[in-house]
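Engineer: Mind looking over this structure? Questions follow.
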Amino acid sequence: MNRRNFNKLLVGSAALSLTACTGLSSVSTLPKGKNRVVVVGGGFGGATAAKYLKRFSPETEVVLVEKNTEYYTCPFSNTVIGGLNKIDYIKHDYKTLESKYGIKVIHAMVKKVDGATNTVILESGETIPYTKAVVSPGIDFKYEKGYEKGSEMYAPHAYHAGAQTELLTKQLQSMKDGGTYVMVSPANPFRCPPGPYERISLVANYIKQNKPNSKIIILDQKKKFSKQGLFQEGWEKLYPGLIEWRSVEFGGKVEKIDPKNLVVTTDEEEIKADVINYIPNQKAGQLAFDSGLTQGDWCPVNTKTFESRLVKDVYVIGDASIAAAMPKSGFSANSQAKIAALQISRKLKKLPVVNPPKLANTCYSLVGPGYGISVAAVYEAKEDKVHKVEGSGGLSAANADSSVRMMEAEYAVGWYQNQMADIFK
């Protein structure tokens, strides 16, 4: 058997297995006398929405459509890149959502969510009708300045966790002592604003121990970044002289990139790197565009319910939604998912929605092992947008004692474990 025929056999077998294992026939029509909510995307937003819809409205049929059988979280993926954890630490599955909560999980690619017919259309052509739909499409990237599709194999972004995480980890481990690690950090808005700087911190920790003659350059497409003072305080304390941060105003503006030859050209010079971690500028996941949910790069929503302002009965949560002043973060997606689930369950029961709903975000960052910093805030959804509640939340104190930083690092681990239990257990 030649390779082409063997691949055809694999594809055919996979399609048969998909239909048999996911029970697509059972969701091809709406259940009689019941409402159905189809959730597309099984990350922080989607998996949370599916679980809480079932908790708020047990009588509603909930279908979760996610292409992957395993989910790798971006939060704590930096600990994998920095050598503090193995990849399995950030791997999760959907078995408990099925067995404990009775959610129907279908692993398939979604082509679009069709608001005209209230159906989710799969790449296979099969359809799943819905009463309401929740879409959590995450992010996609803007390919520009020489960074094209496929460039991530040479200059990984690692902003979709999993294979990209492992690739960047291997590149860092293979880098020569005395090499140059270059990160290009994107312009706002983007997923997890402190993420690039936590990553640099843990890369610096690895380099300090294993490749001490190397250097790190951050080419930032912004004038400033999240938790900047706290990060830079930590860098000076833990990695003095190792990290060079260049803002877009002072030598950091990227004009073009040559991923294969590992060259970045700025407005001032050409930099030859040994590893390039290029994080592109971002936009909503492609599914949002294909489903008519976008206005510009992102998805406008009614922030009291997260129902799309463009497509009726479709709710958009997580990174793809326009929910300023909330950052695009895992905790924000989790919080938005719970509000959407609550409001949908009330609408299905013909009850008034909660008005105004409260949301929250908490973000921990590791500057090094045993050195954590954090930011937190509470929000309220009003008529125009999400507003931060005055006086809520806070930021880690500057110049704190090492015992405080150690405590926050422990809290960071607890935060991650509790989030995973809240979503997947």
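The values are calculated or read from the model by the stated rules, or taken from the named source; none is laboratory data. Just so we're clear, the structure is a prediction, and the values are computed from it rather than from any experiment. Because the Cβ atoms are built from the backbone with ideal geometry, glycine has one as well, and the counts that use them run over all protein chains shown.
Engineer: Which residues, counting only those in segment 186-239, are under 17 Å from residue 252 (Cβ atoms), polar (S, T, N, Q) and in contact (Cβ under 8 Å) with a residue 60 or more places away in the chain?
Structural biologist: If the condition is that a residue be under 17 Å from residue 252 (Cβ atoms), polar (S, T, N, Q) and in contact (Cβ under 8 Å) with a residue 60 or more places away in the chain, then 221, 226 are the ones that fit.
Engineer: Another question, if that's okay. Does residue 345 satisfy the criteria of being polar (S, T, N, Q), buried (at least 24 other Cβ atoms within 10 Å of the Cβ), in contact (Cβ under 8 Å) with a residue 12 or more places away in the chain and in a helix (DSSP H, G or I)? So that I can check it myself, show each step before the final result.
Structural biologist: Values: polar (S, T, N, Q): yes; buried (at least 24 other Cβ atoms within 10 Å of the Cβ): no; in contact (Cβ under 8 Å) with a residue 12 or more places away in the chain: yes; in a helix (DSSP H, G or I): yes.
Answer is no for this residue.
Engineer: From 361, 355, grab the single residue that is at pLDDT below 95 and not β-branched (Val, Ile, Thr).
Structural biologist: 355
Engineer: Residues 366, 342: which one is at pLDDT 95 or above and touching an Asp or Glu at 6+ places or on another chain (Cβ under 7 Å)?
Structural biologist: 366
Engineer: Cβ-Cβ under 9 Å, sequence separation 6+ or interchain: first residue in segment 262-275 and more than 11 Å from residue 175 (Cβ to Cβ), partner surrounded by fewer than 18 Cβ atoms within 10 Å (Cβ to Cβ) and among the aromatic types (Phe, Trp, Tyr). Which pairs?
Structural biologist: Sorted first by the residue in segment 262-275, then by its partner, the pairs are 268/250.
Engineer: State all residues of segment 54-83 that are of a type in the set (A, V, I, L, M) and within 24 Å of residue 327 (Cβ to Cβ); if no residue qualifies, say none.
Structural biologist: 80, 81
Engineer: Further question on the same structure: Counting only residues that are touching a residue at least 40 places away in the same chain (Cβ under 8 Å), of a type in the set (Gly, Ala, Ser) and not in a loop (DSSP other than H, G, I, E, B), which one in segment 317-326 is surrounded by the most Cβ atoms within 10 Å (Cβ to Cβ)?
Structural biologist: By that ranking, first place goes to 318.
Engineer: Got a sec? Which strands (runs of 3 or more DSSP E) wholly within segment 73-124 have at least 3 residues that are under 22 Å from the mean Cα position of the chain (by Cα)?
Structural biologist: Counting at least 3 such residues, we get 91-93, 110-114.
Engineer: Another one. Tell me the residue from 67, 32, 100 that is at pLDDT below 95 and loosely packed, with under 15 Cβ neighbours inside 10 Å, please.
Structural biologist: 32
This table checks each residue for (1) more than 21 Å from residue 85 (Cα to Cα); (2) over 22 Å from the mean Cα position of the chain (by Cα).
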position: 160; (1), (2): no, no
position: 184; (1), (2): yes, no
position: 209; (1), (2): no, yes
position: 215; (1), (2): yes, yes
position: 233; (1), (2): yes, yes
position: 238; (1), (2): no, yes
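Engineer: Let me ask something else about it. Being closer than 24 Å to residue 44 by Cα and of a type in the set (Ser, Thr, Tyr) is the filter here, so list the residues in segment 116-170 that pass it.
Structural biologist: 119, 130, 131, 136, 159, 165, 169
Engineer: Right, here's the next one. For segment 213-234, state whether one or more residues are charged (D, E, K, R), farther than 19 Å from residue 187 by Cβ and either in contact with a Phe, Trp or Tyr (Cβ under 7 Å, 6 or more places away or on another chain) or in a strand (DSSP E or B) (or both).
Structural biologist: Checking segment 213-234: at least one residue is charged (D, E, K, R), farther than 19 Å from residue 187 by Cβ and either in contact with a Phe, Trp or Tyr (Cβ under 7 Å, 6 or more places away or on another chain) or in a strand (DSSP E or B) (or both).
Engineer: Are any residues in segment 381-425 acidic (Asp, Glu), outside any loop (DSSP other than H, G, I, E, B) and either touching a Ser or Thr at 6+ places or on another chain (Cβ under 8 Å) or modelled with pLDDT under 95 (or both), and if so, which ones?
Structural biologist: Selection gives 408, 422.
Engineer: While we're on this one: Residue check: is residue 328 touching a strand residue (DSSP E or B) at 6+ places or on another chain (Cβ under 9 Å) and not hydrophobic (A, V, I, L, M, F, W, C)?
Structural biologist: Spelling it out, residue 328 is indeed touching a strand residue (DSSP E or B) at 6+ places or on another chain (Cβ under 9 Å) and not hydrophobic (A, V, I, L, M, F, W, C).
Engineer: Return the pair list, or none, for Cβ contacts closer than 6 Å from residues in segment 396-424 that are closer than 14 Å to residue 331 by Cβ to residues that are in a helix (DSSP H, G or I) and among the aliphatic types (A, V, I, L, M), at least 6 apart or on different chains.
Structural biologist: Here the result reads 423/47, each pair linking segment 396-424 to a residue that is in a helix (DSSP H, G or I) and among the aliphatic types (A, V, I, L, M).
Engineer: A further question follows. Looking at segment 254-284 only, could you name the residues that are assigned to a strand (DSSP E or B), surrounded by fewer than 23 Cβ atoms within 10 Å (Cβ to Cβ) and under 21 Å from the mean Cα position of the chain (by Cα)?
Structural biologist: Correct list: 283 only.
Engineer: Let me ask something additional. Please work out which residue is surrounded by the most Cβ atoms within 10 Å (Cβ to Cβ), limiting yourself to segment 123-159 and to residues that are over 18 Å from residue 255 (Cα atoms) and of a type in the set (A, V, I, L, M).
Structural biologist: Checked segment 123-159; the qualifying residue surrounded by the most Cβ atoms within 10 Å (Cβ to Cβ) is 135.
Engineer: Note down all Cβ pairs under 8 Å where the first residue falls in segment 103-132 and is on the phi > 0 side of the Ramachandran plot, the second is of a type in the set (Phe, Trp, Tyr), and they're at least six residues apart or on different chains.
Structural biologist: Qualifying pairs under 8 Å: 118/130.
Residues checked against (1) on the phi < 0 side of the Ramachandran plot; (2) in a helix (DSSP H, G or I); (3) in contact with a helix residue (DSSP H, G or I) (Cβ under 8 Å, 6 or more places away or on another chain); (4) aliphatic (A, V, I, L, M):
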| position | (1), (2), (3), (4) |
| --- | --- |
| 293 | yes, no, yes, yes |
| 305 | yes, no, yes, no |
| 312 | yes, no, no, no |
| 315 | yes, no, yes, no |
| 328 | yes, no, yes, no |
| 334 | yes, yes, yes, no |
| 341 | yes, yes, yes, yes |
| 373 | yes, no, yes, yes |
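Engineer: Which condition from (1) farther than 22 Å from residue 204 by Cα; (2) in contact (Cβ under 8 Å) with a residue 12 or more places away in the chain; (3) in a loop (DSSP other than H, G, I, E, B) is the one that residue 287 breaks?
Structural biologist: (3)
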